[in-house]
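Just below is one structure, and these are the notes that go with it.
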């Protein structure tokens, strides 16, 4: 799958969210958006990453960022994850993987020494005009939000 790069127009999407609503990227124009892709709600790495975003949310919002998490999980699993971890940003469901594929976050990866096809843990920052500002693929769950904050000049 092709990956997004700075300057690319971020592919628009509308996906159902854990809170029973939906999120549409183009509705967020005028704001900078951090879209992060993770493999599975409730797993150790994904929980660490989500909680890091949760714990940084006030300062990210203060700097003008909106956070959206996307996984192939069904909405009911995302709702349970959001409730268990007190996540207050949108968690969007992409079981068809169309958005994951369009954003380069689905494909071959190495997992425990084996090549598998799945979600490539990724984060893409979209500017206020809807263009990719920063695209990071194969990120580590632990420490990723702190590194992202440094890359965005927030620390």
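Laboratory data are not the source of any read-out in this text; all were calculated from the coordinates shown. Quick caveat: nothing in here was measured; it's all calculated off a predicted structure. So basically every Cβ, Gly included, is an ideal-geometry build from the backbone, and we count neighbours across all protein chains shown.
Output the number of residues of segment 106-115 satisfying the condition of being more than 18 Å from residue 73 (Cα to Cα) and in a strand (DSSP E or B).
Step one: list which residues in segment 106-115 are more than 18 Å from residue 73 (Cα to Cα), which gives 108-115.
Now narrow it down to the ones that are in a strand (DSSP E or B): 108-111, 114-115.
Residues meeting the conditions: 6.
Among the listed residues 139, 124, 75, 119, identify the single one that is surrounded by 14 or more Cβ atoms within 10 Å (Cβ to Cβ) and within 13 Å of residue 34 (Cα to Cα).
Working: 139 fails: within 13 Å of residue 34 (Cα to Cα); 75 fails: within 13 Å of residue 34 (Cα to Cα); 119 fails: within 13 Å of residue 34 (Cα to Cα).
Only one candidate passes the filter, namely 124.
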Seminar exercise, completed: When every residue in segment 55-84 that is touching a helix residue (DSSP H, G or I) at 6+ places or on another chain (Cβ under 7 Å) and free of Cβ contacts under 8 Å to residues at least 40 places away in the same chain is compared, the one nearest to residue 13 (Cα to Cα) is 69
Seminar exercise, completed: Scanning segment 126-151 for residues that are touching a strand residue (DSSP E or B) at 6+ places or on another chain (Cβ under 7 Å), within 16 Å of residue 65 (Cα to Cα) and part of a loop (DSSP other than H, G, I, E, B) gives 127, 128, 130
Exercise. Being surrounded by 13 or more Cβ atoms within 10 Å (Cβ to Cβ), closer than 23 Å to residue 26 by Cα and touching a residue at least 60 places away in the same chain (Cβ under 8 Å), is that true of even one residue in segment 41-52?
Worked result: no
